[in-house]
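Quick notes on the structure that follows.
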Amino acid sequence: MNIEFTDFIKDYRKRLSSLFGQLPQEEDSLHQRGLSPRIMDELAELSPSAVSIPAAYGGRGGDPAEILSLLEATSYESLPLALIFGINGALFLEPLAKYGDERLKKETFSCFIGGRSLGGLMITEPNHGTDALAMQTSWRKSDTGYAIEGTKHWAGLSGHADFWLMTARERGAESDLKRDIDFFICDSSDPKQLVKPIEQYSNLGLYMIPYARNQVDVDVPAHHRLIPHKSGIRLMQDLLHRSRMRFPGMAIGFLQRMMDEAVRHTQDRYVGGSSLFSYDQVQQRLSSLQADHTIASAFCRHSARISSIDNDLSGKAMEANIHKTVLSDMMQNAAQSLLQLVGAKGYKTDHIAGRSVVDSRPFQIFEGSNDVIYQQVADGFLKHMKSINNFHLFSALQSHHLTEKIADRFKAITNFTVNPNMPQRKKVDFGRIFSRITGLDLTLDLGNRGFDQALIDQAVDSMSERIQSLLGGFLGIHTPNYIPVEAGGSSSWRETL
Ligand SMILES: Cc1cc2nc3c(=O)[nH]c(=O)nc-3n(C[C@H](O)[C@H](O)[C@H](O)COP(=O)(O)OP(=O)(O)OC[C@H]3O[C@@H](n4cnc5c(N)ncnc54)[C@H](O)[C@@H]3O)c2cc1C
């Protein structure tokens, strides 16, 4: 681990590019299911997990800038692999480093530094996804530690992770479940700690990552329980918020790849005697991609500065949620744009454009559904408005620490008062708008630190245009609800002939 990071990342990029760069191997990564042992073995030689492991245990020290750079390099070549390393770092190694018992850390980290071990996190249950705090997986004290029982599903690397971070609630003497959530490490090499997949899922995308419904019936040693600083729920918030602040790393490499593919394709492809690149509508797509890449750079800078495990992120819900939602939307939009530009060829299952559409889609669902967390962002901002006793949008943007620098730019179009009791759908719109304005505030910081000013201006103009159109929708009429239609009623077009 004495290698300089710049040398490490250069070697790592080179290795990734030779693993994913040639056509037959590219097919390997895009088309085949399951982890490729060849890819994992070759990368393990460079010990990518070390970036998320403290120096005291042989790692590179867990510097967020290094972690984000590793994710960036990986997602340029393979979004599924970046998600594997994202989960392994933010949802396993970093929480272990922060909350693990000394003995547990020594035993576990050595498997990641020397070998090719991977870890994952199990929270979601078949009946509890968005409402994860109501999970039914439970633990009781056993003779040697903790016995944990339940069912978990959709955990990335199901059946393949060498270690799991398992979540459960304590079952009390009356068989009731306590409110708090506890975290335990399960070592899959010990049959007593092995979590068994009982139904393999055929996932739509992210072919490299196995998903399943898993039966949890394990007994873990006492020192395998993570030690929260305050409560288990605070630990969970700190962990999830840090993980959401790792989205910029996965997003920026992916956006760069989408942009490179789009530019290359549109320059090479001639339609109607002109290169696609020369069409105005094509330029509109390319400039949005480039603007989103610049804004993602701003999120990377911000995350690199605040998301170390030394900081308690449990109270940073709003910032973390903004990272997650805005960047996952950008990823999906970029993939959709690339597919549009590539045309029919991109719709083949083994073309990067089509694969990217399905691979990036679940980023809008996992770690908090975007529909739900945009609403939470809106609630956070409305709380701020209430605290200053001012529901005038421009004034509130001017006085909020996440938007105060960019607020002036939106003066003309935010000169109105909002209704704090707006319906949920309007809150989702409002959260989407506020999050994008925040992204531009961070983009100004990026510009002030020497980032190419032409790119900053382009990003601000491009995103402002999109915000203006979102504001139009927000201020528009409240669309009607779904109308239940009875069979035999007059809702068939044929009856109207
Ligand atoms: C590819 C992939 C990878 C995953 N990886 C992991 C992992 O590694 N570990 C893990 O533990 N889990 C993982 N998950 C699970 C993921 O976190 C859950 O799918 C997610 O939390 C949503 O839960 P759910 O699927 O049960 O959906 P539900 O909770 O049923 O929600 C479905 C939809 O209902 C709507 N909705 C829900 N609540 C509300 C509300 N209050 N207001 C308005 N609308 C609402 C939203 O549109 C939401 O998307 C993964 C999922 C996928 C698809």
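Counting only DSSP beta bridges with both residues in the range 63-180, the antiparallel share comes to about 50 percent. Annotation: extensible slack from Asn127 through Asp408 equals 96.6 nm (criterion: 0.36 nm per residue apart, minus Cα-Cα distance). Under the criterion of Cα pairs below 8 Å and six or more residues apart, the relative contact order for the range 224-336 equals 46 percent.
Computed from phi, the 3J(HN,Hα) profile of the range 459-476 under the Karplus parametrisation 6.51, -1.76, 1.60 (θ = phi - 60°) reads 5, 5, 5, 5, 6, 4, 4, 5, 5, 4, 5, 5, 4, x, x, 4, 7, x Hz, with x in place of Gly and Pro. Overall, the chain carries a charge dipole of about 680 debye about its Cα centre when +1 sits on the Cβ of Lys and Arg and -1 on the Cβ of Asp and Glu, all other atoms neutral. Among Thr108, Ser52, Phe92, which residue has its Cα positioned farthest towards the positive end of the charge dipole of the range 5-117, with +1 placed on the Cβ of Lys and Arg, -1 on the Cβ of Asp and Glu, and the dipole taken about the Cα centre? Of Thr108, Ser52, Phe92, it is Thr108. Answer rounded, prolate or oblate for the chain, using the Cα gyration tensor with square roots of eigenvalues a ≥ b ≥ c: rounded when a/c is under 1.5, else prolate when a/b is larger than b/c, else oblate. The shape class here is rounded.
Taking every protein chain into account, the 1.4 Å probe leaves His224 with about 10 Å² of accessible area, to the nearest ten. In terms of the mean number of neighbouring beta-carbon atoms within 10 Å, the peptides 194-205, 68-79 order highest first as 68-79, 194-205. Split the accessible area of the range 121-227 by element, probe 1.4 Å, and carbon with sulfur accounts for 47%. Placing unit charges on each Cβ (+1 for Lys and Arg, -1 for Asp and Glu) gives the chain a dipole about its Cα centre, and among Gly368, His478, Phe183 the Cα reaching farthest toward its positive end belongs to His478. Take every pair of alpha-carbon atoms less than 8 Å apart whose residues are at least six positions apart; their mean separation over the length of the chain yields a relative contact order of 13 percent. Amide hydrogen proximity for Ile181: with H placed 1.01 Å from N in the peptide plane, the residues at 5 or more positions away or on another chain lying under 5 Å are Gly232, Ile233.
By a straight-distance test (C-alpha under 14 Å), which aspartates and glutamates pair with Lys141 as possible cross-link partners, with residues fewer than eight away in the same chain excluded? Here the aspartates and glutamates satisfying the reach criterion relative to Lys141 are Glu149, Glu170, Asp182, Asp217, Asp219.
Amide H contacts of Ala212 (H built 1.01 Å from N, in plane; Pro and chain starts excluded): Trp154, Ala155, Ser158, Tyr201 sit under 5 Å, all sequence-distant by 5 or more or on other chains. Counting only protein heavy atoms and a 1.4 Å probe, the chain has 45 square angstrom of accessible area per residue.
Peptides 478-485, 250-257, 124-131, 370-377, ordered by how many other C-beta atoms sit within 10 Å of their residues on average, highest first, read 250-257, 370-377, 124-131, 478-485. Think of it as helices only: each DSSP H run of n ≥ 4 in the chain is worth -39500 (n - 2.57), and spread over all residues that comes to -16500 deg cm²/dmol at 222 nm. Cross-link partners of Lys106 among lysines, defined as those whose alpha carbon lies under 22 angstrom from its own and excluding same-chain residues fewer than eight positions apart: Lys98, Lys192.
The phi torsions of the range 97-108, fed into the Karplus equation with coefficients 6.51, -1.76 and 1.60 and a -60° offset, translate into couplings of 4, 7, 10, x, 5, 3, 5, 4, 5, 4, 5, 7 Hz, rounded to whole numbers, with Gly and Pro shown as x. For the set Lys383/Lys405; Lys14/Lys316; Lys152/Lys178; Lys14/Lys348; Lys316/Lys405; Lys152/Lys345, the pairs lying more than 29 angstrom apart at their alpha carbons are Lys14/Lys316; Lys152/Lys345.
Rounded, prolate or oblate for the range 351-477? Axes are the square roots of the Cα gyration tensor eigenvalues, ordered a ≥ b ≥ c, and the cut-off for rounded is a/c under 1.5. The shape class here is oblate.
On the range 402-467, 45 percent of the accessible area sits on carbon and sulfur atoms, based on a 1.4 Å probe. Shape class for the range 1-118, computed from the alpha carbon gyration tensor (a ≥ b ≥ c): prolate, with a/c not under 1.5 and a/b above b/c. Summing charges over neighbours of Leu471, with a neighbour being any other residue whose Cβ is under 14 Å away from its Cβ, gives +4 when K and R count +1 and D and E count -1.
The values are calculated or read from the model by the stated rules, or taken from the named source; none is laboratory data. Predicted model, so just to flag it, every value in this text is computed and none were measured. Every residue, glycine among them, receives a Cβ derived from its backbone with ideal geometry; neighbour counts consider all protein chains shown. Only protein heavy atoms, including side chains, enter the accessible area calculation; ligands, DNA and RNA are left aside. Shrake-Rupley method; radii C 1.70, N 1.55, O 1.52, S 1.80 Å.
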